[in-house]
Ligand SMILES: Nc1ncnc2c1ncn2[C@@H]1O[C@H](COP(=O)(O)OP(=O)(O)OP(=O)(O)O)[C@@H](O)[C@H]1O
Ligand code: SF4
Ligand SMILES: [Mg+2]
């Protein structure tokens, strides 16, 4: 049984004027001790999925409108607010995307760490301070006693991220959700923070969901990955298999737009043309259709289910893809369809798919 199981999660932001279809039936599992990746471009629903798991969706607009969230056989959607508060930190912790907005600007690092520790453990002030010092040292913060007296804005981005990690790990959670923990950092600090996370989760057997839009980070850090697009998981499987044999055109696009050290210097980077769909409109057809080179007529009207594909890794997690026309191995390697005479299906008449509302603003057509 997975430590965390997310089944058909649906999250919407509703205001009087509009509804944002942020997460549209996401399913994923995390086993104890494993690091799984969640990848996809900006706005695809990575953070909202993790905030839903933590039951920290922005109120009043954000709501879980469907699906099941099970952690260690407990239904998270049914826990009371106080039960959820106890769970957060002590069993599930999160490193938020932006440390500056999640650290309190008017409290020192020491006050925040001590408060976090004392909220969950029966220790006095002095003992909590000692633990805070030890934690900062364990995440590589030099001169920890001095840092405890500092406010968040007095620390560099890398230091703030380390403080966030130390806070998240203060209570030895069983699951850590790290939402873009290194995006705001320069490359050398990024490598240090990732190495630190890798060491800490392996030392404590902590399960981790690592959220990023960087396929390089996914390759180096995770054993399993789910690729998200427009609030859907469009492909998932063992990381090595997904990199070798991607079976969704969006994943193929992500891999071809990523620089690779082992590729010839003249290999061009191929961006995914066009824009993601407007999530204020209810999904119709495959969300990737307007940008897809493999598109069939059915893609405009019917969204494919996430289903096992022929090739599967020997572990128990199957390779799944949501696509009516998955790329072959050769096509995935070339980054385009190679079917004699094939032309991506043109957009049908407006009336068929409500083009004006959903696809109308997407001008680019990569045919
Ligand atoms: N408070 C909110 N009110 C309305 N819509 C929201 C709110 N928060 C997020 N959204 C919308 O939900 C969708 C998913 O956002 P989310 O923050 O999960 O994206 P993301 O994949 O984490 O992107 P990024 O890589 O930029 O962090 C986006 O369309 C976003 O505009
Ligand atoms: S082939 Fe069709 S179903 Fe597959 S990603 Fe392209 S548009 Fe979507
Ligand atoms: Mg995000």
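Here are the numbers for this structure:
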{"read-out": "Every residue from the range 280-299 that is surrounded by fewer than 23 Cβ atoms within 10 Å (Cβ to Cβ) and within 16 Å of ligand 1 (Cβ to nearest atom)", "value": "280, 281, 282, 283"}
{"read-out": "Qualifying residue in the range 29-42 (condition: under 26 Å from residue 279 (Cβ atoms), within 15 Å of ligand 1 (Cβ to nearest atom) and surrounded by fewer than 17 Cβ atoms within 10 Å (Cβ to Cβ))", "value": "yes"}
{"read-out": "Failed item in (1) over 18 Å from residue 272 (Cα atoms); (2) modelled with pLDDT under 95; (3) assigned to a helix (DSSP H, G or I), with residue 312 passing the rest", "value": "(3)"}
{"read-out": "3 or more residues out of contact with any strand residue (DSSP E or B) (no Cβ under 9 Å at 6 or more places or on another chain) and either at pLDDT below 95 or more than 16 Å from ligand 2 (Cβ to nearest atom) (or both): qualifying strands (runs of 3 or more DSSP E) within the range 203-258", "value": "none"}
{"read-out": "Residue in the range 29-40 that is within 16 Å of ligand 3 (Cβ to nearest atom) and more than 9 Å from the chain's Cα centre (by Cα) present", "value": "no"}
{"read-out": "Enumeration of residues in the range 286-305 that are farther than 19 Å from residue 41 by Cα and within 23 Å of the chain's Cα centre (by Cα)", "value": "303, 304, 305"}
{"read-out": "Residue list for the range 1-28, filter: assigned to a strand (DSSP E or B) and within 22 Å of residue 218 (Cα to Cα)", "value": "4, 5, 6, 23, 26, 27, 28"}
{"read-out": "Enumerated helices (runs of 4 or more DSSP H) restricted to the range 29-144, each holding at least 2 residues that are farther than 30 Å from residue 251 by Cβ, without any contact (Cβ under 8 Å) to a residue 12 or more places away in the chain and more than 16 Å from ligand 2 (Cβ to nearest atom)", "value": "81-90, 109-120, 125-138"}
{"read-out": "Any chance residue 5 is within 16 Å of ligand 3 (Cβ to nearest atom) and either in contact (Cβ under 8 Å) with a residue 12 or more places away in the chain or over 24 Å from residue 317 (Cα atoms) (or both)", "value": "no"}
{"read-out": "Qualifying residue in the range 8-26 (condition: touching a helix residue (DSSP H, G or I) at 6+ places or on another chain (Cβ under 7 Å), within 14 Å of ligand 3 (Cβ to nearest atom) and closer than 18 Å to residue 176 by Cα)", "value": "no"}
{"read-out": "The range 166-202 - residue that is part of a loop (DSSP other than H, G, I, E, B) and within 16 Å of ligand 1 (Cβ to nearest atom) and, of those, farthest from residue 96 (Cα to Cα)", "value": "185"}
{"read-out": "So residue 100, is it farther than 21 Å from residue 23 by Cα and at pLDDT below 95", "value": "yes"}
{"read-out": "Test: residue in the range 162-184 that is more than 20 Å from residue 4 (Cα to Cα), surrounded by fewer than 19 Cβ atoms within 10 Å (Cβ to Cβ) and not assigned by TED's automatic domain parsing to the domain that holds residue 239", "value": "yes"}
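Yes/no matrix, rows are residues, columns are (1) farther than 14 Å from residue 152 by Cβ; (2) touching a strand residue (DSSP E or B) at 6+ places or on another chain (Cβ under 6 Å); (3) crowded, with 17+ Cβ neighbours inside 10 Å:
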position	(1), (2), (3)
67	yes, yes, yes
77	yes, yes, no
98	no, no, no
110	no, no, yes
119	yes, no, no
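The values are calculated or read from the model by the stated rules, or taken from the named source; none is laboratory data. This is a predicted model, so every value here is computed, not measured. Backbone-built Cβ (ideal geometry, glycine too); neighbour counts: all protein chains shown.
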